[in-house]
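Comments concern the structure below.
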Amino acid sequence: MTAGEGVTGGARYDVIVVGAGIAGSLVAKALGERGRRVLVLEAGVRAADPEQGHLKALETYYSAAAKVPGSPYRARPAAPWAEVTDVAGLDGGGYRADGHLLQRGELPYGSGYVRVNGGTGNVWTGLTPRMHPEDFRTEDFGYGRSWPIGYGQLEPYYRAAEREIGVAADVEEQRAHVGLPFPDGYVFPMRSLPASHLDRVMAERLDGRCVKDPAARVPVELRVTGTPQGRNGDPNASYDGGAGFVPVGAGGRAEPGSRCRGSASCIPICPSHAKYTPLKTQAQWGPTVQLVDRAVVSRVLVDGNGRATGVEYLSHGGGGTGAVVGTVVADVVVLAAHAIENARLLLLSGLANRSDQVGRNLMDHPVLLTWGLMPEPIGPYRGPGSTSGLEGFRFGPARRSRAPFRVEIGNWGWVWAKNPVDGEVAELLRTGGEDGRGLFGAGLRSALGERIGRQFALQFEMEQSADPANRITLDPERRDALGLPRPVATYDLSQHVRNGMAAAKAVSDQIFALLGAEDHTDYPPGPAWPGHFVHEGRSYAYRGAGHAAGTHIMGGSPDSSVVDEWQRCWDHPGLYAVGCGSMPSVATSNPTLTMAALALRSAERIERDLSVRDRPVGLAGPDPVAAPVAADSSDSPDSLDFSVDPDSPGAAL
């Protein structure tokens, strides 16, 4: 279907998917492969030619003054999004917020997202670590909410997601240094990406050394470990029992030679198509999957029994305020429009909120950054933003008293901490000379090369636990261009997270000493640090990681959660809310791979539900789809039985 076309009049679909990001695109692909009629409604604009759309996005990105996640895309008033530049600090502390997402919390919600075809999956970092088994049961450590499933139940779907995304990593490294269980003989689709020069320098100086975590009883041993990547490297010939793996491009064609070229613009866009985006999945959709863009879903429709029957949507031209109201019907509705927009749509519809948890438990990875200068050049601003990290602070008993964290070794110098290198140029022009006057000409070039070539940063990604007070609500008075109430974020950091940041800074101080690096970390209150706060007399500040989660939380009871373990809304048969919004904990790993695994697991459940619908029933028999299908007894235990075929996570997929 070409961009801008509408829904076929009178058509009924098996499944409507709201949102064409990673989760929505994967669900549509999986169900399309089963021959299901799937309609995908996307609020953003779809390029008629994906390659031309990619080139246009690159051109827009190159010309943008601020290289932020949304910079490759033209803003559309009918489908606005929250951008990181909407929030700024105030002199002396505090913050102000402008833009689509209104802010009323003690501290700002620092993450954004984009509403374009492919969603935020177009602009993600591309890192794909798995959650650790311990992450699924945080209540054992006295905080947060535990999952109704465990690592063992999700593991086959992790493998399926790694295949869909084309993950590059080393199984033995992940097994030995992260503690992840894998089936015997499993390998990732692609071999791990080469370590950066900075990674190798770090490994030489840190591996085997120990630092003191203030919350831990014993020192933590450091080990630089490669991070799984959702980008093309060298396909692994041993994958799939020796069949190997061939990457697929955005045009749906095999691209065995499309490797990461180190363009250093993974956020927001990869010029070489090496990074996975949902467009690669969309290119593999079967003929029964149909995408309609410029369609903002405004309400989920239910019948008198509460069963989802379809959606109401506003079809817009992309630029103006005019829109045409339409409705479309289906047996299953899947919300996959980002954690914030999913919560907004449920609140607009007045649905799924028996537990009063819709919109609540908003989470992110608050990121503490530290930055400095190495004693020698280490080659920053090349390759993916991070190729390695330190994993030893993600798990263990210390998480009882402070948030666990994962340490990413940043390859992009000070860009996230201090913004692009233009700021360094401006500073040297002002006061870079020995006499305090500016540098120019050859002196400026020499000083820039010497200084920028030694820049590095550490990124401490904190687990934030589910807190009902952190939430998304609606403002009925302030509306978007289509007349829909805008979302409101109320957000703060718990003592648990603040303790984690204090521990992270103490760890950073020791790492800098081991590296012999100059520490330039500073968190002054002001415009550059809207997330500034004081904890136990010391200043800290954070950035948002763009990892929104928790707004339609998963659980084991309809009284305390929005969706069940399959991401089915408890209150409404036929309605699913998929994505990171279902996660009861965000752990310390980038959540995209877990979101993809959950989406594939839900697609399998949807197929089972539809199969029950299609099964003949007697005239006197009960309606087989009047209520969610009960989970098989085999779905309950969190077993680590890896007897399932690595490439066949479930019979329905």
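The values are calculated or read from the model by the stated rules, or taken from the named source; none is laboratory data. This structure is a prediction, so every number in the text was calculated from the model and none was measured. Note that each Cβ is placed from the backbone with ideal geometry, even for glycine, and that neighbours are counted across all protein chains shown. Note: areas computed on protein heavy atoms with side chains; ligands, DNA, RNA excluded. Shrake-Rupley method; radii C 1.70, N 1.55, O 1.52, S 1.80 Å.
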Length-normalised contact order for region 117-185 - Cα pairs under 8 Å, 6+ apart - percent: 26 percent
So what's the net charge close to Arg406: Lys and Arg +1, Asp and Glu -1, counting the other residues with Cβ under 10 Å from its Cβ? -3
Sites matching GluC sites (Glu not before Pro) across region 453-551 that sit in DSSP coil, with at most 16 neighbouring C-beta atoms within 10 Å: Glu536
Rel. contact order, % - alpha carbon contacts under 8 angstrom, at least six apart, the chain: 23 percent
Please give the Cα centre distance for region 174-240 versus region 116-166, rounded to the nearest Å. 17 Å
Stretchable slack from Ala426 to Lys212, in nm (0.36 nm times residue separation minus alpha-carbon distance): 73.2 nm
Per-residue ellipticity at 222 nm attributable to helices in the chain (runs of n ≥ 4 DSSP H, -39500 (n - 2.57) apiece, nearest 500 deg cm²/dmol) works out to -7000 deg cm²/dmol
What shape does region 48-196 take by its C-alpha gyration tensor, where a ≥ b ≥ c are the square roots of the eigenvalues and a/c under 1.5 counts as rounded, a/b above b/c as prolate, and the rest as oblate? oblate
With every protein chain present, what is the per residue accessible area of the chain (1.4 Å probe, Å²)? 37 Å²
Roughly speaking, what is the stretch gain from Asp480 to Asn305, that is 0.36 nm per residue apart minus the C-alpha to C-alpha distance, in nm to one decimal? 59.8 nm
Label points 7 Å out from Cα along the Cβ direction at Arg437 and Ala75: separation in nm? 4.2 nm
Just check region 93-155 against the gyration tensor rule for me: Cα atoms, a ≥ b ≥ c as the square roots of the eigenvalues, rounded for a/c under 1.5, and otherwise prolate or oblate depending on whether a/b exceeds b/c. oblate
Restricting the count to DSSP beta bridges whose residues both fall in the chain, what percent are antiparallel, rounded to a multiple of 5? 75 percent
How much length would be gained if the chain were fully extended between Ser557 and Ala88, taking 0.36 nm per residue of separation minus their Cα-Cα distance, in nm to one decimal? 164.9 nm
How high is the relative contact order of region 279-350, in percent, counting Cα pairs under 8 Å that sit 6 or more residues apart? 27 percent
In whole percent, how big is the carbon plus sulfur part of the accessible area of the chain, probe 1.4 Å, protein atoms only? 51 percent
Using DSSP to call loops (not H, G, I, E or B), can you name the trypsin sites (Lys or Arg not before Pro) in region 348-455 whose Cβ has at most 11 other Cβ atoms within 10 angstrom? Arg437
Candidate cut points under trypsin sites (Lys or Arg not before Pro) in region 40-134, DSSP loop plus at most 14 other Cβ atoms within 10 Å of their own Cβ, are Arg74, Arg104
